[in-house]
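The values are calculated or read from the model by the stated rules, or taken from the named source; none is laboratory data. Here the structure is a predicted model, which is why all the values come from computation and not from measurement. So basically every Cβ, Gly included, is an ideal-geometry build from the backbone, and we count neighbours across all protein chains shown. The area values use the complete protein model at the heavy-atom level, side chains included, leaving out ligands, DNA and RNA. Shrake-Rupley method; radii C 1.70, N 1.55, O 1.52, S 1.80 Å.
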Amino acid sequence: MLDLPPALLWPLAALLGLCLGSFLNVVIVRLPVMLMLGWRAEAREALELPEEESPRFNLLVPRSICPRCEAPIAWHDNLPVISWFKRRGRCAACATRISLQHPLVELAGAGLTLAVVALYGVTWQGLFILAACLALLALAVIDLRTQLLPDVVTLPLLWAGLLYQLLFQPLMLPSAVIGAMAGYLALWSVYWLFKLVTGKEGMGYGDFKLLAALGAWLGWQYLPLVLILSAGAGALVGILVQLALPRLRGAPMPFGPFLAISGWIALLVGEPLMAIYVGMTL
Ligand SMILES: [Zn+2]
């Protein structure tokens with residue numbers, strides 16, 4: 001699609017990735033609040049309570065403020081990564097700690113953008129893959145923060161996966177449709193089995209939808225690999241957390257971030273990994 005000289009391409013890609021990461025931080029912080037406000041309004045309507053007056057709140061309005069002192073954040077304190085380090089992770093006005101999430105998500109955005117450009121170049125296909133990787137990043141951090149995997153992200157991610165196959169590898173479309181169904185059913189069955197045996201809920205419906213979306217992007221052939229990677233990483237992190245922080249024993253651990261990480265791996269280096277995996281199981 002576009003052929004830039006490397007001296008221009010890589011800095012531009014890194015800069016774009018940082019800015020996309022910065023936008024994802026806004027989505028990660030605001031989307032759950034927007035959903036909560038919406039549910040509250042619906043509940044009040046169902047209970048026939050009078051409508052609440054609330055100030056407009058979406059991804060653009062109001063401007064970014066410090067969560068503690070509510071001082072507006074100046075543009076030069078809102079630059080990706082640099083501002084966080086310049087202010088040593090504190091608000092310029094009241095010195096409240098600003099979460100390390102902000103620079104980490106921005107760096108992850110840059111890393112994913114560079115990886116996609118390296119693998120796909122600046123192409124329409126690369127643009128689709130980048131959008132999927134960034135949606136997975138937003139989902140992973142939202143799940144860590146709130147234990148939610150919002151439908152407004154997981155379901156469009158699923159449709160976009162089917163569209164991706166239709167546009168770029170139409171022969172894969174049947175595998176993708178089966179992948180979406182099998183992804184949902186696989187975790188749905190685990191959920192019910194776990195619930196019948198233990199009486200507890202081990203996962204949420206968001207996890208089923210997220211694996212369905214990955215099935216659409218990757219095809220059913222990749223689902224075992226994705227499940228092995230995410231369950232393995234989840235078990236490992238779970239054990240490490242219990243050893244390092246015994247007070248967290250028994251606390252629920254979100255599964256979404258592990259699905260997202262496996263999704264990145266499968267989307268970006270799936271083919272060589274699949275060759276090793278198939279070689280091992282044959
Ligand atoms: Zn402040």
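Are any residues in segment 110-145 out of contact with any Leu (no Cβ under 9 Å at 6 or more places or on another chain) and either of a type in the set (S, T, N, Q) or outside any helix (DSSP H, G or I) (or both), and if so, which ones? None - no residue of segment 110-145 is out of contact with any Leu (no Cβ under 9 Å at 6 or more places or on another chain) and either of a type in the set (S, T, N, Q) or outside any helix (DSSP H, G or I) (or both), so the list stays empty.
The residue list Leu2, Leu20, Leu16 contains one member that is loosely packed, with under 13 Cβ neighbours inside 10 Å, of a type outside the set (D, E, K, R) and within 15 Å of Val116 (Cβ to Cβ), which is Leu2.
If you take the residues in segment 85-102 that are of a type in the set (D, E, K, R) and not in a loop (DSSP other than H, G, I, E, B), which one is surrounded by the fewest Cβ atoms within 10 Å (Cβ to Cβ)? Walk me through how you get there before you give the answer.
Going through segment 85-102, the residues of a type in the set (D, E, K, R) turn out to be 86-88, 90, 97.
Narrowing the set further to residues that are not in a loop (DSSP other than H, G, I, E, B) leaves 86, 90, 97.
Values: Lys86: 12, Arg90: 13, Arg97: 10.
Only one residue fits best here, namely Arg97.
Going through (1) more than 16 Å from the ligand (Cβ to nearest atom); (2) open to solvent by 70 Å² or more (accessible area, probe 1.4 Å); (3) closer than 19 Å to Val27 by Cβ one by one, Ile82 falls short only on (3).
Being closer than 22 Å to Tyr191 by Cβ, outside any loop (DSSP other than H, G, I, E, B), touching a helix residue (DSSP H, G or I) at 6+ places or on another chain (Cβ under 7 Å) and open to solvent by 60 Å² or more (accessible area, probe 1.4 Å) holds for only one residue in Ile228, Ile261, and it is Ile261.
Taken over segment 65-88, residues that are touching a residue at least 12 places away in the same chain (Cβ under 8 Å) and in contact with a strand residue (DSSP E or B) (Cβ under 7 Å, 6 or more places away or on another chain) amount to 2.
Name the single residue that is farthest from the ligand (Cβ to nearest atom) among those in segment 85-94 being out of contact with any Asp or Glu (no Cβ under 8 Å at 6 or more places or on another chain) and small (Gly, Ala, Ser). That would be Gly89.
Considered as a group, the residues in segment 51-79 that are within 16 Å of the ligand (Cβ to nearest atom) and open to solvent by less than 70 Å² (accessible area, probe 1.4 Å) include one that is farthest from Gly17 (Cα to Cα), and that residue is Cys69. For Gly179, the conditions (1) open to solvent by less than 60 Å² (accessible area, probe 1.4 Å); (2) outside the structural domain of Gly279 (by TED's automatic domain parsing) all hold with the exception of (2).
Would you mind stating whether Leu149 is assigned to a loop (DSSP other than H, G, I, E, B) and touching a helix residue (DSSP H, G or I) at 6+ places or on another chain (Cβ under 9 Å)?
Working: assigned to a loop (DSSP other than H, G, I, E, B): yes; touching a helix residue (DSSP H, G or I) at 6+ places or on another chain (Cβ under 9 Å): yes.
For Leu149, the condition - assigned to a loop (DSSP other than H, G, I, E, B) and touching a helix residue (DSSP H, G or I) at 6+ places or on another chain (Cβ under 9 Å) - is met.
Looking at this structure, is Arg97 among the basic types (Lys, Arg), free of Cβ contacts under 8 Å to residues at least 60 places away in the same chain and away from the ligand (no atom under 16 Å from the Cβ)? First the steps, then the outcome.
Details: among the basic types (Lys, Arg): yes; free of Cβ contacts under 8 Å to residues at least 60 places away in the same chain: yes; away from the ligand (no atom under 16 Å from the Cβ): no.
Against the criterion (among the basic types (Lys, Arg), free of Cβ contacts under 8 Å to residues at least 60 places away in the same chain and away from the ligand (no atom under 16 Å from the Cβ)), Arg97 does not qualify.
Screening Gly219 on (1) touching a residue at least 24 places away in the same chain (Cβ under 8 Å); (2) on the phi < 0 side of the Ramachandran plot shows it passes everything except condition (2).
Against the list (1) within 24 Å of the chain's Cα centre (by Cα); (2) under 26 Å from Ala131 (Cβ atoms); (3) part of a helix (DSSP H, G or I), the condition Leu8 fails is (1).
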